[in-house]
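J.: Take a look at this one; I'll ask things after.
The values are calculated or read from the model by the stated rules, or taken from the named source; none is laboratory data. For clarity, every value in this text was computed on a predicted model and none was experimentally measured. Every residue, glycine as well, gets a Cβ built from its backbone with ideal geometry; the counts of neighbours run over all protein chains shown. Ligands, DNA and RNA are stripped out before the accessible areas are found, and what is left, the full protein with its side chains, is counted by its heavy atoms. Shrake-Rupley method; radii C 1.70, N 1.55, O 1.52, S 1.80 Å.
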Amino acid sequence: GALVYQYPRRTICKSGTSMRMECQAVGFQATSVAWYRQSPQKTFELIALSTVNSAIKYEQNFTQEKFPISHPNLSFSSMTVLNAYLEDRGLYLCGARRQGNQAPLFGEGTRLSVL
Amino acid sequence: GDSVTQTEGQVALSEEDFLTIHCNYSASGYPTLFWYVQYPGEGPQLLFRASRDKEKGSSRGFEATYDKGTTSFHLRKASVQESDSAVYYCALRGSHTGNYKYVFGAGTRLKVIA
């Protein structure tokens with residue numbers, strides 16, 4: 001079956017350091033990958049959308065300089081949180097879509113804690 | 001911009017109670033509407049979707065009907081079980097060509113007591 005695997009599941013980093021997280025589509029090819037953040041007591045905020053053969057689109061309040069994303073092929077994407085601070089903590093979700101209008105398949109997320 | 005509003009932040013019910021979670025949306029045209037469920041420690045899972053007026057989506061006993069007139073997509077279940085305890089998110093995807101952005105509501109935490 002198709003699933004999305006995110007690694008690591010949990011991570012802790014010191015304030016001001018950076019942390020990289022990965023998203024792997026298994027059993028299908030992801031034509032687009034969306035990265036979301038679910039902060040404590042909040043809903044999902046879209047960080048950026050990466051579509052094959054298109055530039056990565058960042059949402060307002062999120063920048064490439066802070067959240068650089070790599071999407072080298074149809075099954076893998078990674079995102080780095082640079083200079084992480086308390087406000088960056090939360091659950092980072094990867095949603096991968098197949099072609100057409102299929103709903104994104106989400107991974108279990110990477111939970112980031114910042115000390 | 002597009003938005004989704006879930007009225008209830010938390011709902012507490014007893015087993016076999018009837019569930020309604022309200023979802024209203026704001027978007028132009030005919031967005032596709034979704035219900036996702038998130039269990040503790042997991043990512044959100046798609047329950048079902050609907051993309052046309054009056055279309056009913058359903059899964060695992062849950063159902064919702066797309067109502068363009070009232071811009072609503074309320075989630076209902078006739079008889080909840082303790083295992084239904086989770087956070088439920090209503091979401092939409094805009095109808096514009098090439099629009100892959102999904103907008104989520106704030107979520108409704110459902111607790112079912114045995």
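J.: If you place +1 on the Cβ of every Lys and Arg, -1 on the Cβ of every Asp and Glu, and leave all else neutral, what size is the dipole of segment A:1-91 about its Cα centre, to the nearest 20 Debye?
T.: On the way: 9 positive and 6 negative charges, 48 e Å.
The dipole of segment A:1-91 has a size of about 240 debye.
J.: Springs between alpha-carbon pairs under 10 angstrom, Gaussian network model over chain B: which of B:T70, B:T32, B:T20 fluctuates most?
T.: B:T70
J.: Tally Lys/Arg at +1 and Asp/Glu at -1 over every other residue whose Cβ is under 13 Å from the Cβ of A:F28; what's the total? Present the calculation step by step, with values, prior to reporting the outcome.
T.: Values: positive: A:R97, A:R98; negative: none.
My count for the surroundings of A:F28 gives +2.
J.: Here are some pairs, A:K14/B:K101; A:K66/B:K56; A:K42/B:K111; A:K42/A:K66; A:K42/B:K68; which of them have Cα atoms lying more than 30 Å apart in this structure? Display every interim value, and only then the final one.
T.: Numbers: A:K14/B:K101 32 Å; A:K66/B:K56 41 Å; A:K42/B:K111 18 Å; A:K42/A:K66 20 Å; A:K42/B:K68 27 Å.
Check vs 30 Å cut-off fails for A:K14/B:K101; A:K66/B:K56.
J.: I've got another one for you. Rolling a 1.4 angstrom probe over the protein chains, ignoring ligands and nucleic acids, what is the accessible area of A:L3 in square angstrom, nearest 10?
T.: Rounded to the nearest 10, the figure is 90 Å².
J.: A further question on this structure: Place a label point 7 angstrom from the Cα of A:S70 along the Cα-to-Cβ direction, then list the residues of segment A:23-58 whose backbone nitrogen is under 13 Å away.
T.: A:23
J.: Where is the GNM fluctuation largest for chain A (alpha-carbon springs, 10 angstrom cutoff): A:V33, A:V52, A:V81?
T.: A:V52
J.: What is the dipole size for segment B:55-114, taken about its Cα centre, with +1 at each Lys and Arg Cβ and -1 at each Asp and Glu Cβ, in debye to the nearest 20? Before the final figure, lay out each step's value.
T.: Details: 9 positive and 5 negative charges, 25 e Å.
Roughly 120 debye, rounded to the nearest 20.
J.: Counting only other chains, what is the mean number of Cβ atoms within 10 angstrom of the Cβ of each residue in peptide B:102-108? Numbers along the way, then the final one.
T.: Numbers: counts 9, 3, 7, 2, 4, 5, 0.
Going residue by residue through B:102-108 and averaging, the value is 4.
J.: Another question, then. Cut-off 10 angstrom, C-alpha nodes, Gaussian network model of chain B. Which of B:S51, B:S59, B:S85 fluctuates the most?
T.: Among B:S51, B:S59, B:S85, the largest mean-square fluctuation in the Gaussian network model of chain B belongs to B:S59.
J.: Cα centroid distance between segment B:14-83 and segment A:18-69, in Å?
T.: Each part's Cα centre sits 25 Å from the other's.
J.: Mind ranking A:E45, A:E65 by accessible surface for me, highest first, 1.4 Å probe?
T.: Values: A:E45 60, A:E65 135 Å².
Result of the area sort, largest leading: A:E65, A:E45.
J.: Quick check for you: with a 1.4 Å probe and neighbouring chains kept, what is the accessible area per residue of chain A, in Å²? Present the calculation step by step, with values, prior to reporting the outcome.
T.: Values: 5890 Å² over 115 residues.
Ligands and nucleic acids excluded, the result is 51 Å² per residue.
J.: With the Cα gyration tensor of segment A:6-115 in hand, convert its eigenvalues to equivalent ellipsoid semi-axes via √(5λ) and list them largest first in whole Å. Mind dumping the intermediate values first?
T.: Numbers: eigenvalues 102, 38, 32 Å².
After diagonalising the Cα gyration tensor, the semi-axes are 23, 14, 13 Å.
J.: Can you check what the net charge comes to around A:R10, using other residues whose Cβ is under 11 Å from the Cβ of A:R10 (Lys, Arg +1; Asp, Glu -1)?
T.: Values: positive: A:R9, A:R111; negative: A:E108.
Counting the neighbours of A:R10, the net charge comes to +1.
J.: What does the charge count near A:G90 come to, summing +1 for each Lys or Arg and -1 for each Asp or Glu among other residues with Cβ under 13 Å from its Cβ?
T.: On the way: positive: A:R10, A:R37, A:K42, A:R89, A:R111; negative: A:E45, A:E87, A:D88.
Here the charged neighbours net out to +2.
J.: Give the residue from B:L47, B:Y25, B:S95 lying farthest towards the positive end of the charge dipole for segment B:1-107; charges sit on Cβ (+1 for Lys and Arg, -1 for Asp and Glu) and the dipole is referred to the Cα centre.
T.: It is B:S95.
J.: Shifting gears a bit: Going by Cβ distance under 4.7 Å, what cysteines of the protein assembly as shown have no possible disulfide partner?
T.: If one checks each Cβ against the other cysteines of the protein assembly as shown, A:C13 turn up with nothing under 4.7 Å.
J.: Counting partner chain Cβ atoms within 10 Å of every residue's Cβ in B:44-50, what's the average? Write out the running numbers ahead of the final one.
T.: Working: counts 11, 2, 5, 1, 1, 3, 0.
Mean shielding count: 3.
J.: Given +1 on the Cβ of Lys and Arg, -1 on the Cβ of Asp and Glu, and no further charges, what dipole in debye does the protein assembly as shown carry about its Cα centre, rounded to the nearest 20? Could you put the intermediate results ahead of the total?
T.: Working: 24 positive and 19 negative charges, 95 e Å.
So the dipole magnitude of the protein assembly as shown works out to roughly 460 debye.
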